[in-house]
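To start, the structure under review is shown below, and the notes come after it.
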Amino acid sequence: MAQAYMTETGSDGQGPERRGSRLRRLLTSLRRDRGIWRRGIILAVCAVLLALVMGLHTQIPNTIGNLGSLTDTFLPWGAILIAVLLVLALVRRSATALIAVLLPAIVWLNLFGELLTDRTGSGGNLTVATHNVNADNPDPAGTARDVAASGADVLALEELTDSAVPVYEKALAAGFKYHSVQGTVGLWSKYPLSAISPVGIELGWTRAMRATITAPEGKLAVYVAHLPSVRVKLEAGFTARQRDKSANALGEAIADEKLPQVALLGDLNGTMNDRALTAVTSQLRSTQGAAGSGFGFSWPASFPMARIDQILVRGVEPVTSWTLPETGSDHLPIAARVKLSATDS
């Protein structure tokens, strides 16, 4: 009499029972591993120190090489250090290090977790954009066409050179009826401009301006600014003294603004976290922070590491904010859609 032999599906050792027994063996080995709490002490200390630096970054002084501002600027990249510590803790099979890594992770999420969500909306009645076009841009006409394609109603450009200004004027003439160039910054608008003037930011030349834009929905005071560059040097740290002085002067000008609806467009050479820009950032709201998706890093264009190009508003409701594709500049252009209200002024 013939007999039939049957095997169950999954008897190759890859089924749920096999995986479950493997997990039980792993948990058993971990419970018996008495060194799991003793290993990784140095990693745990590093994690606690990272959590302290991130949580108390505002207490780091700027007296030596502007170390506080440097920490503020690159604080979001603390996530990489957290990831490295996590991997090392897993490799070391250290429960102590794994628990310690939770501390900087919680601090980081408290600081930046909201930026991981999509806060963009719809609607609005005015699109604004800004771009540091780079004085050495090899294709200013192409850059102008690229940023104009964003659909902006108001466009600010920084780092304009005398030779490039006519190129930008010609390339943008069809889309923007009104414009003004003051020094190395310029403003193009589909709506009338008035009360145009340079803004002094304690430099020997003009790198900031102000104008009133009269849109169908209301008036908007627009500031365009390009604050001085900063450098990171081994012998001097984060050199930003002139930028900080200019930021204070710009903040004073914005504080004196009479119109209730205000927008600042430009390259501030600093992030919203940098306490040295408080004179400006304390008065205005970032469109990226309020209505963007992600961090919106804008510099350097080849591998963006920080958002130093900003669209900041007051008395205006941000609806959405985004970064535009790379042009011939070392900065990425950025844009935002906002909602203006009718004003009496």
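Mind checking whether some residue in the range 243-263 is open to solvent by 20 Å² or more (accessible area, probe 1.4 Å) and assigned to a strand (DSSP E or B)?
No.
Restricting to the range 181-227, count the residues that are aromatic (F, W, Y), at pLDDT 95 or above and either over 21 Å from Q283 (Cβ atoms) or out of contact with any Lys or Arg (no Cβ under 6 Å at 6 or more places or on another chain) (or both).
Within the range 181-227, residues that are aromatic (F, W, Y), at pLDDT 95 or above and either over 21 Å from Q283 (Cβ atoms) or out of contact with any Lys or Arg (no Cβ under 6 Å at 6 or more places or on another chain) (or both) number 2.
Looking at the range 274-303 only, could you name the residues that are in a loop (DSSP other than H, G, I, E, B) and surrounded by fewer than 18 Cβ atoms within 10 Å (Cβ to Cβ)?
Of the range 274-303, the ones in a loop (DSSP other than H, G, I, E, B) are 274, 282-284, 292, 294-298, 300-303.
Result: S282, Q283, G294, P300, S302, F303.
Whether any residue in the range 315-323 is in contact (Cβ under 8 Å) with a residue 60 or more places away in the chain and assigned to a helix (DSSP H, G or I) is what I want to check.
Within the range 315-323, not a single residue is in contact (Cβ under 8 Å) with a residue 60 or more places away in the chain and assigned to a helix (DSSP H, G or I).
Pairs under 7 Å by beta carbon, first residue basic (K, R) in the range 154-181, partner open to solvent by 20 Å² or more (accessible area, probe 1.4 Å), six or more apart or different chains?
K177/K190
Go through (1) closer than 24 Å to P140 by Cα; (2) open to solvent by 70 Å² or more (accessible area, probe 1.4 Å); (3) touching a strand residue (DSSP E or B) at 6+ places or on another chain (Cβ under 6 Å) and name the single condition R231 misses.
Only one criterion is unmet by R231, namely (1).
Would you mention how many residues in the range 67-112 are open to solvent by 20 Å² or more (accessible area, probe 1.4 Å), among the polar types (S, T, N, Q) and touching a helix residue (DSSP H, G or I) at 6+ places or on another chain (Cβ under 7 Å)?
Matching residues across the range 67-112 total 2.
I need every pair where a residue in the range 85-100 that is on the phi < 0 side of the Ramachandran plot and of a type outside the set (D, E) has its Cβ under 7 Å from the Cβ of a residue that is in a loop (DSSP other than H, G, I, E, B) and surrounded by fewer than 22 Cβ atoms within 10 Å (Cβ to Cβ), sequence separation at least 6 or different chains.
Listed pairs, sorted by first residue: R92/R39; S94/R39; A95/W37; T96/W37.
The values are calculated or read from the model by the stated rules, or taken from the named source; none is laboratory data. What you are looking at is a predicted structure, and each value in this text was computed from that prediction instead of being measured. Please note: Cβ atoms are built from the backbone with ideal geometry, for glycine as well, and neighbour counts cover all protein chains shown. Ligands, DNA and RNA are excluded from the accessible area calculation, which covers all protein heavy atoms including side chains. Shrake-Rupley method; radii C 1.70, N 1.55, O 1.52, S 1.80 Å.
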